[in-house]
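The values are calculated or read from the model by the stated rules, or taken from the named source; none is laboratory data. Not measured: the values here are computed from a predicted model. All Cβ positions, even for glycine, are placed from backbone atoms using ideal geometry, and neighbour counts span all protein chains on display. Keep in mind that these areas ignore ligands, DNA and RNA; they rest on the heavy atoms of the full protein, side chains included. Shrake-Rupley method; radii C 1.70, N 1.55, O 1.52, S 1.80 Å.
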Amino acid sequence: MRTLFRSLVITALAAVPALAQEAGASSKVDLLSPNYGLMFWTLIIFAVLFFVLAKFAFGPITKAVEAREQALEDAIESAKRDREEAARLLAEQRAALDATRGEAQKLIADARVAAERVRAELIEQAHTEQTNMLDRARREIEAEKAGAIAQLRREAVDLAIAGAGRVIDRNLDQAANRQLVESFLASVTPAAVSASR
Amino acid sequence: MKIGTFVIALLLSSTPLAAQAAAVDSAAAFAARQTAREVQGTARGEANHAGGEHEACGPHVPGDIITPHITDSRCIEYPKDGWRIWEPAEYVLPQWAPIHIGSFAIDISPTKHVVMLFLAALLVSVVLITAARAHVRHTHETGRPRGFAAGIEAMVLYVRQEVALPNLGHHGEKYAPFIMALFFFILFANLLGLIPYGSTATGNVSVTATLAIITFFVVEIAGIRAQGPGYLNTIFYWNKDLHPVIRVAMFIIMSPIEVVGKIAKPFALTVRLLANMTAGHIVVLALIGLIFTFKSYVIGIAPAAMAVAIMMLELFVAFLQAFIFSLLAAVFIGQIREAAH
């Protein structure tokens, strides 16, 4: 197969100039002989193009793309860092919240215990005070009663004596006694009696 | 690749036949026209000038529409007047005296393909540098490119990240601009051959050979820079694991093969690009030639449709061959740099 292709090419290339000549051309069609002037120009044009493109086109584009890639990588990296940081902070916060909650529970329990104690103390104190007040009231009542009884007794004695005195006076002079007792009774007041004593 | 070679062979062999057929018809008409022109020219006293101009554009074979299209010439064609696009005017490029280096003379007068290469380089520069500036400006403003610059970035990055860097090996970034420049230069030169009045400079062996030779030197220099003295192992086969006698024998046998291997790579690059870019144009022109051979509008429809299809294929091939040339350059550079490991 290869040989066939090769022979075809060779035949074709060989045939071209001959046939072209037959058609009336003075020179042959030559596709494969190099033109050094064209080679020189190709070299110059490509070399200049290469340096121009490398400096003004590929350089800036590559740099911009690399900068963008770098920026994207940085963004991804920092996002990852931020997420880790956020997760860490969240865990921290959660732990702190748990600790706080425990502490609050403890505080409430303590407060409850303290309040209980205070209430018991207050009740106790109230009881004691009540008892004291009752005792004192009782003692005062007793004292007042004793005073009143003694005074009543003295009044009774005075009245009895005064009455007895009037009776004695009457007996002495009926009319005169009566008048005397009556005038006395009219003038007498318990205070005056006790004062006259 | 083989299909391309086959097609070019087939068409090269058939071209002159078709040309001959056409020539029989057109020769008489051409001769008559030529005579009329000469008579006119003589009347104006410009016979020498007219004749000289015609000669300056290279040999003209009556009826041969393919050869002038695929070969270089001293003239460039441009539209003469707005509507009659099939009758281009020809501008004769200046002819300079050859430069002598010792006994070796180089004629560096510009030719059609030089102009096309220059245009391609100019277009590549304008497009890529404009895009790069827009790219940098947009990136600065919004952090990303927009529109045309983004499209160019996609192409540049594709060539860089998918073609160049994976094949160049570790720390091959400094060779990436070379691969990218090759790709865009060849691409634009290929595409310039597809537009009216254009010519395919990459269908000229001098151009492809020069690009391949540049690639060859870049590959070898990359090898020397990557391997240092170990580079000599890529030329001289000296395997220390072998028995001394066999080692010497292998050295004598293998070293020429290594050298041939080195030369075969740029040769393959040269012929691949040349043949592919030439083949499509010949096919298109041969199909169009059929229309004039048969001189029938009805029969003309099929070749015209096929020519359009081949042109679309050519558009693809323009990209493909630029891709392959730069890919292989990257692979060769990567290979010789990897050989150290």
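If we sort A:74-82, B:312-320, B:197-205 on the protection proxy, mean other Cβ atoms within 10 Å, highest first, what's the order?
On the way: A:74-82: 10.1, B:312-320: 15.8, B:197-205: 24.9.
Result, highest mean Cβ count within 10 Å first: B:197-205, B:312-320, A:74-82.
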Buried accessible area between A and B (1.4 Å probe, both chains summed, ligands and nucleic acids excluded), in Å² to the nearest 100? 4500 Å²
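Can you work out the accessible area per residue across segment A:34-196, with the rest of the protein chains kept in place, probe 1.4 Å, in square angstrom? Don't skip to the answer; put the middle values down first.
Working: 12480 Å² over 163 residues.
Accessible surface, normalised per residue, equals 77 Å².
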Within 10 Å of the Cβ of an average residue in A:47-55, the count of other chain Cβ atoms is 6
Take the alpha carbon atoms of segment A:43-67, find their center, do the same for segment B:207-228, and report the distance between the two centers in whole angstrom. 19 Å
With all protein chains present, calculate the accessible area of B:Phe148 using a 1.4 Å probe and round the result to the nearest 10 Å². 130 Å²
Taking a crude spin-label model, label points 7 Å out from Cα along the C-beta direction, the A:Phe56 to B:Val331 distance in nm is 3.4 nm
Treating cross-link reach as a plain straight distance, find the aspartates and glutamates whose alpha-carbon is under 14 Å from the alpha-carbon of B:Lys262, omitting any fewer than eight places away in the same chain. B:Glu220
Where does each of A:Ile141, B:Ile288 land when they are ordered by accessible area, with a 1.4 Å probe and the largest first? A:Ile141, B:Ile288
Under the 7 Å Cα-to-Cβ spin-label approximation, B:Leu122 and A:Ile168 lie apart by a distance in nanometres of 17.2 nm
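Hey, what's segment B:112-338 come to in accessible area per residue, 1.4 Å probe, Å²?
On the way: 10610 Å² over 227 residues.
For segment B:112-338, the per-residue accessible area is 47 Å².
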For segment B:112-338, with only Lys/Arg (+1) and Asp/Glu (-1) charged at the beta-carbon, what is the dipole magnitude about the Cα centre, in debye rounded to 20? 200 debye
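How well do other chains shield peptide B:179-190, expressed as the mean number of their Cβ atoms within 10 Å of each residue Cβ? Please report the intermediate quantities before stating the final value.
Values: counts 1, 7, 10, 3, 0, 4, 6, 1, 0, 1, 3, 0.
Counting Cβ atoms of other protein chains within 10 Å of each residue's Cβ and averaging gives 3.
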For B:Val298 paired with B:Ala339, estimate the spin-label separation in nm (one decimal), with each label point 7 Å from Cα along the Cα-to-Cβ line. 6.4 nm
In peptide A:66-76, what is the residue-averaged number of other protein chain Cβ atoms found within 10 Å of each Cβ? 1
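What FRET efficiency would be calculated for the residue pair B:Tyr158, B:Trp83, taking the C-beta separation as r and a Förster radius of 41 Å, to the nearest 0.05? Could the numbers behind the result be given before it?
Details: r = 41 Å, r/R0 = 0.99.
With a Förster radius of 41 Å, E is 0.50.
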Working out 0.36 nm times the residue gap between B:Leu320 and B:Ala105, then minus their Cα-Cα distance, what length gain in nm do you get to one decimal? 73.8 nm
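Net charge within 14 Å of A:Gln125 by Cβ-Cβ distance, Lys/Arg positive one each and Asp/Glu negative one each, not counting A:Gln125 itself? Don't jump to the answer; show the numbers that get you there.
On the way: positive: A:Arg117, A:Arg119; negative: A:Glu121, A:Glu124, A:Glu129.
In short, -1.
Return a whole-number percent for the relative contact order of segment B:255-341, with Cα pairs under 8 Å and 6 or more residues apart as the contact set.
Details: 32 pairs, mean separation 24.7, N = 87.
Reported as a whole number, the value is 28 percent.
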To the nearest 0.05, how large is the calculated FRET efficiency for B:Ala305 and A:Glu66 if R₀ is 45 Å and r is the Cβ-Cβ distance? 0.40
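Heavy atoms only, 1.4 Å probe, whole protein assembly: order B:Val136, B:Val283 by accessible area, highest first.
Numbers: B:Val136 65, B:Val283 30 Å².
The ordering from most to least exposed comes out as B:Val136, B:Val283.
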